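Student: Quick one: the structure is below, and I'll ask about it shortly.
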């Protein structure tokens, strides 16, 4: 699981860097919100494929895509709540609160992604020695 965690961090960092770079180019011609939406959707698709195949070495499936979308929405809600709490109760500025929220979200996002993306052994194989 440690290797999966490290791959999760690398893939997430790669996805973030690529989509941010694309955003920086798109925003030259597009409204910032349109550019952000475009890279958000691109990042969801790229994140789903890379997390499924590279991090968890699992098969792609439509059901997993829906689970991944749900996991990302949960992460968004978690980060939004953490930013609000950090700013309201801890007196943090918005940038620091976001940094704390992202850091706190990493293990949460990993567990959620692992639950929805990792392949499971068939029920008949559970508990059987290889």
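What follows is calculated from the coordinates using simple rules that are stated; it is not laboratory data. This structure is a prediction, so every number in the text was calculated from the model and none was measured. Heads up, the Cβs are rebuilt from the backbone with ideal geometry, glycines too, and the neighbour counts pull from every protein chain shown.
Student: What FRET efficiency comes out for the pair residue 60/residue 16, r = Cβ-Cβ distance, R0 = 22 Å, nearest 0.05?
Tutor: For R0 = 22 Å, the calculated efficiency reads 0.55.
Student: How far is it, in nm, from the label point at residue 28 to the one at residue 98 when both lie 7 Å from their Cα along the line to the Cβ?
Tutor: Going from the residue 28 label point to the residue 98 one covers 2.3 nm.
Student: Can I ask one more? R0 = 25 Å: FRET efficiency of residue 53 with residue 73, Cβ-based, nearest 0.05?
Tutor: Computed FRET efficiency for residue 53 and residue 73: 0.70.
Student: Match the structure shown to one of the listed values (1) 29, 15, 14; (2) 24, 18, 15; (3) 30, 20, 12 of semi-axes √(5λ) of the Cα gyration tensor in Å, computed from it, and give that label.
Tutor: Looking at semi-axes √(5λ) of the Cα gyration tensor in Å for this model, the match is (3).
Student: Rounded to the nearest 0.05, what FRET efficiency do residue 88 and residue 42 give with R0 = 25 Å and r taken as the Cβ-Cβ distance? Could you check?
Tutor: After rounding, the FRET efficiency stands at 0.15.
Student: Using the alpha-carbon atoms, what tilt in degrees (0 to 90, nearest 10) does helix 94-117 show relative to the longest principal axis of the chain?
Tutor: Long axis of 94-117 versus the principal axis of the chain: about 20 degrees.
Student: Using Cα atoms only, what is the angle between the long axis of helix 62-88 and the major principal axis of the chain, expressed in degrees (0 to 90) to the nearest 10?
Tutor: 40 degrees
Student: Another question about this same structure. By how many degrees, 0 to 90 and rounded to 10, does the Cα axis of helix 32-50 deviate from the longest principal axis of the chain?
Tutor: Its long axis makes an angle of about 20 degrees.
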